[in-house]
Amino acid sequence: MRYYFSFFVCCVFVLSGCAPKTAPTPQDQAFVDSLEGSNARFEALSQNENFDQLLELFKENCKAPLTKKVYTNVCRQANDVQDAKSFFKHSFTLKKVEPNEQRSMLTGYYEPLLHGSLKKTERYKYPVYGKPKDLVMIVGENDKKMRGRSVKGKMLPYYTREEIGKRKLNAEILCYVDDKIDLYVMEIQGSGRVELEDGRVIFIGYADTNGHPYKSLGREMINRGIFASVDEVSMQAMKAWLLAHPTQIDTLLNTNPSYVFFRRMEQRATGSLGLVLTPERSVAVDRSYIPLGSLLAIQSRSETYDVDRFVFAQDTGGAIKGPNRADMFMGYGQRAEYVAGQLKAPLEVWIMEPKF
């Protein structure tokens, strides 16, 4: 590929002596500007990048079938790379993802730790449900997946969060936990760990939802005057308020009709791509704008967290809507919980498009 390109460039220079000289068109200038911008952005990212590590993560990312659809040829060539930086520089073009009317924002999520038991007790009484046996998924227009339940041959919406809390589901109970707020948080994060009474730890991952739209608890608390603005809202602030007002916990949580069902996992937090998530390298995106498996560059600055690096689109989330919207997986532990709970920052996104 490189030799053919060199030959073409030589021909252009040879022939240019007898060809009429014309001014570059706006399209030509736009292409040059785009190429120069891509190269400048790549060099800026290179200042603090470990390209050998990035290459190993990219090859791991290529194990997912969806990634291979995005980077068919590049994934194949990644196994024979000698110079990692050169590989990324010459195999991809950085294309800016332009925002739309939706807010451009980076948030964070993490892998929480809950405390539970395999048996229901006075302390451990909140069930962690697996996917219900009567939950049916149908594919509608534009391949939209809808969920419901069949009653006498008629499809009805599946139970809302409030309805689920008042009944026993036809579903496996993976374990019981001691805190309904922590269970709600695990739903929002999409996965978690549960430490059992005997010290064993089990991994819990996303299985499905009840099909109802996700509604933000933070937005609901603003609407009710609990918080004055988005700037006051954090996971820590919401949890503190709920603990201080226990009689309102159910009322507020039930304003979100969406409910997440889980499954036992043999590994830690795993994203929609089917791969184990890498802290501060894996992000959740809106797949209607960014293909899962894509290599991205993101830039965000805030008092809580600064990031300017390459990341992988390996997950999705009900609250992640828009082209310039991402949720950074922060990992496990106290720092991850703190940063994920506080992070709300402006975001810029570039997608690494393959050159071949």
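For residues that are part of a loop (DSSP other than H, G, I, E, B), touching a residue at least 60 places away in the same chain (Cβ under 8 Å) and of a type in the set (S, T, Y), tally how many sit in region 274-301.
Residues flagged as part of a loop (DSSP other than H, G, I, E, B), touching a residue at least 60 places away in the same chain (Cβ under 8 Å) and of a type in the set (S, T, Y) within region 274-301 amount to 3.
Output the residue which, of all residues in region 100-151 that are farther than 29 Å from G331 by Cα and of a type in the set (A, V, I, L, M), is modelled with the highest pLDDT.
L135
Name every residue in region 238-278 that is within 22 Å of G331 (Cα to Cα), in contact with a helix residue (DSSP H, G or I) (Cβ under 7 Å, 6 or more places away or on another chain) and of a type outside the set (A, V, I, L, M, F, W, C), in order of residue number.
Across region 238-278, the qualifying residues are K239, T278.
If you scan region 218-267, which residues turn out to be outside any helix (DSSP H, G or I), of a type outside the set (S, T, N, Q) and closer than 22 Å to A171 by Cβ?
P257, Y259, V260, F261, F262, R263, R264, M265, E266
Tell me which residues, restricted to region 156-189, are open to solvent by 80 Å² or more (accessible area, probe 1.4 Å) and assigned to a strand (DSSP E or B).
P157
So, in region 199-239, of the ones that are of a type in the set (D, E, K, R) and in contact with a Leu (Cβ under 9 Å, 6 or more places away or on another chain), which residue ends up nearest to D178 (Cα to Cα)?
D208
Among the residues in region 63-79, are any touching a helix residue (DSSP H, G or I) at 6+ places or on another chain (Cβ under 8 Å), open to solvent by 70 Å² or more (accessible area, probe 1.4 Å), in contact (Cβ under 8 Å) with a residue 24 or more places away in the chain and not in a helix (DSSP H, G or I)?
no
Look at region 197-215 and say how many of its residues are within 23 Å of Q314 (Cβ to Cβ) and part of a loop (DSSP other than H, G, I, E, B).
1
Given the criteria open to solvent by less than 60 Å² (accessible area, probe 1.4 Å) and within 25 Å of the chain's Cα centre (by Cα), does A237 qualify?
Considered against the rule, which asks whether it is open to solvent by less than 60 Å² (accessible area, probe 1.4 Å) and within 25 Å of the chain's Cα centre (by Cα), A237 comes out as yes.
Of L217, L242, L196, which residue is more than 24 Å from P279 (Cβ to Cβ) and either touching a strand residue (DSSP E or B) at 6+ places or on another chain (Cβ under 8 Å) or among the basic types (K, R) (or both)?
Selected residue: L196, the only one of L217, L242, L196 that is more than 24 Å from P279 (Cβ to Cβ) and either touching a strand residue (DSSP E or B) at 6+ places or on another chain (Cβ under 8 Å) or among the basic types (K, R) (or both).
Looking only at region 157-194, count how many residues are under 25 Å from the mean Cα position of the chain (by Cα), among the β-branched types (V, I, T) and over 22 Å from Q267 (Cβ atoms).
2
Looking at S294, S288 in this structure, which one is closer than 26 Å to Y259 by Cβ and among the polar types (S, T, N, Q)?
Testing whether each residue is closer than 26 Å to Y259 by Cβ and among the polar types (S, T, N, Q) leaves just S288.
The values are calculated or read from the model by the stated rules, or taken from the named source; none is laboratory data. Predicted model only: the values in this text are computed from it and were never measured. Heads up, the Cβs are rebuilt from the backbone with ideal geometry, glycines too, and the neighbour counts pull from every protein chain shown. These area figures cover heavy atoms from the full protein model, side chains too; ligands, DNA and RNA do not enter into them. Shrake-Rupley method; radii C 1.70, N 1.55, O 1.52, S 1.80 Å.
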